[in-house]
């Protein structure tokens, strides 16, 4: 039973808040950009293949151009040599953009605590969701995707995300 | 076989005394005579070492029995026809002066010497392009030197330009500004990677294009350099097994087996019959997995997405079996020095047989789409041809080498784990083009399945671990109730499996080719040095020879066809 203005307009119009309608659209049409470097990328392949089928969550349109994507999945170890490339790809993604750090290496350097491995990509770009595991199972990728969807729901389209982030390459 | 090599070497080099370490002959040469000795080793028909497998160096700074020279460079050579393996060692008193380059003799030396320069700071005189390869260009110091701190990371602020390198490559092919003015066109430079779907990881393929034709190509690797070798120097032998999982992560268990086989060979450990059969079954099962991923990805690059589902779904289903057996899907860590982590589970034969049938069906379905397909034939036949000479010179091994017609396979030529008892053949190609590389892999899937089935019939009952207190953990009741058991357990965990001091090389036929390990042990439970000879590294080193003169789209499917795995390439 609609009230006020809506009651007068009948069933032809739906009123909602701007944040809600835009976030609803964004949640279920995330286009991932897979920044796959190592073993975790193979597990992402499994998440995309028939058995786990990431398209059930509206995120099957894998874009390899960052300009067409809004969800970055960092799957694998990031070395110091790779870090400037990661940053450049991230910078090329239009706002709003979300970042998932998949696996132990991307999240913390993992077992590679040494001279060539970045000890967590949060030192280079802002991260929204971390997945544990070496490598994580495909279900964990889907879980991270759902966490991103929940996060989107609570955000406002008017607020810039991670405006004052400063990493080692900034 | 090795005796005749020793005799030949004694005749040719009277003042050099050859030694034999495991199945490898070792000679010591002073740095001044390296160019001459290496040339003779390659060109004398009696010797004919057509393959340079690997070059590495050792830093003896903290070694207990330190020789006079701090550094030593080790070349590993192979004569595949006569099954000779030779290591040439030369002391390097002064790394700045270094040693003469052998890049004019073997193509493989180009990248191998760059790696030694990068990691150890040893100069190779007259090398065509001596610069860093694994570490970034802003890196200072040489990480594998013993006085470099493992935790000392160095930030890289921007990627290398590579412009000078590609211009030099163009010039070496006789193309410069004036040629382009003559034909009234401009050269276009195009980057494929480091972040590009076609690179299947992180590799940078930098090309100079005339239209869509590749005129020159240089490649940059090292984006996934994770410091395997430095990390291994700080782990006990058994702790390194999880690191080997992540070399070629498409066939993790094969790396586990290759690694423990190399350690066991030095310890002189005879593993149990059942463990040996388990290793054969799992090796071949993982060879199938590796080829499935390679072919699935390669066919996607060609636009055949349906093949991806046919092939990859079987790989996905195999993970269920693998997870049931090892507890993990991808990174199994299933071997231990002296045996296997545990035995097969109850009822594995049925699961395995069912899985093999499913794989056969998937592969046959895919072959129905590919084998008689005119588009696939036009796309792959006669493109990116690799000649046997180029393949050997660049150190190609495995399916890539066999696709050129060279029937070299360690399982046949230097059998281990009773491979001589199995009935299988080694598929070889005739043209060395992309089609052959794909078809060799398709055929190898069927051959590997054959081996698995035979081994499943023959596998004996019994323990999967040797009964040797030097490597095997004591049973739990002894650990908790007896001081000897407790001490034994404690020492094996904290100090690791002790290996006698010395240096050795041992190799194994992995899915991509010869996977070798060069160890230096100081007698402790931690390797003093561990160098991996990765098959991918050398396949990528010859990549430009395959794609120059071809179209840019062919470079993409060619990369898929040689199956580059980043973890193994950059370590």
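Readers should treat all values here as calculations from the given coordinates under stated rules, not as data from a laboratory. On a predicted model such as this, the values are computed, not experimentally measured, just so you know. For neighbour counting, all protein chains shown are included, and Cβ atoms are generated from backbone atoms with ideal geometry for every residue, glycine included.
Per-structure values
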read-out: Point-to-point label distance, residue B:152-residue A:19, nm (Cα→Cβ direction, 7 Å offset); value: 5.1 nm
read-out: Cα convex hull of region B:163-220, projected area averaged across orientations, nm²; value: 4.0 nm²
read-out: Relative counts (whole %) of C-alpha pair distances in region B:2-125, using bins that are 5 Å wide; value: 2, 11, 22, 25, 19, 13, 6, 1, 0
read-out: Theoretical FRET efficiency, 1/(1+(r/R0)^6), r = Cβ-Cβ of residue B:28 and residue B:501, R0 22 Å, to 0.05; value: 0.80
read-out: Relative contact order (percent, whole number), region B:2-125, Cα cutoff 8 Å, 6+ residue spacing; value: 24 percent
read-out: C-alpha center-to-center spacing [region B:482-528, region B:376-394] in angstrom; value: 39 Å
read-out: Ascending count of other beta-carbon atoms within 10 Å, so fewest first, for B:442, B:286; value: B:442, B:286
read-out: Using a Förster distance of 22 Å, the FRET efficiency for residue B:16-residue B:69 (Cβ separation, nearest 0.05); value: 0.80
read-out: Nearest-0.05 FRET efficiency for residue B:163 and residue B:446, computed from C-beta distance (R0 35 Å); value: 0.15
read-out: Cα-projected label distance for residue B:306 with residue A:64, points at 7 Å along beta-carbon direction, nm; value: 2.2 nm
read-out: Per-residue Cβ neighbour rank within 10 angstrom, fewest leading, B:225, B:142; value: B:142, B:225
read-out: Max mean-square fluctuation residue, GNM over chain A, Cα-Cα springs under 10 Å, options A:102, A:33, A:45; value: A:45
read-out: Gaussian network model of chain A, springs between alpha carbon atoms under 10 Å - residue of A:142, A:158, A:18 with greatest fluctuation; value: A:158
read-out: Percent RCO, i.e. relative contact order, over region B:317-435, from Cα pairs under 8 Å lying at least 6 residues apart; value: 22 percent
read-out: Additional length obtainable on full extension of the chain from residue B:423 to residue B:490, 0.36 nm per residue less Cα span; value: 19.7 nm
read-out: Relative compactness, region B:238-570, computed as alpha-carbon Rg over 2.2 N^0.38 Å; value: 1.03
read-out: Alpha carbon convex hull of the protein assembly as shown, projected area averaged over orientations, nm²; value: 39.0 nm²
read-out: Rounded if a/c under 1.5, otherwise prolate or oblate - chain B, Cα gyration tensor axes; value: oblate
read-out: For the protein assembly as shown, calculated [θ]222 nm from helices alone, where every DSSP H run of n ≥ 4 adds -39500 (n - 2.57); value: -12000 deg cm²/dmol
read-out: Cα-based convex hull, region B:106-167, per residue volume (Å³, whole number); value: 94 Å³
read-out: Square roots of five times the Cα gyration tensor eigenvalues for chain A, Å; value: 34, 19, 12
read-out: GNM top mover of A:51, A:119, A:68 - chain A, alpha-carbon springs below 10 Å; value: A:51
read-out: Least to most buried among B:113, B:495 (fewest other Cβ within 10 Å first); value: B:495, B:113
read-out: Region B:490-571 - Debye-derived log10 I(q)/I(0), Cα point model, q = 0.11, 0.16, 0.17, 0.24 Å⁻¹; value: -0.46, -0.72, -0.77, -1.09
read-out: Cα-based Kirkwood hydrodynamic radius, region B:33-104, one decimal, Å; value: 13.3 Å
read-out: Region B:536-571 and region A:64-130: distance between their alpha carbon centers, rounded to Å; value: 25 Å
read-out: Centre separation in Å (Cα based) which lies between region B:75-144 and region A:1-60; value: 53 Å
read-out: Chain B: relative contact order as a whole-number percent, Cα under 8 Å and 6+ apart; value: 16 percent
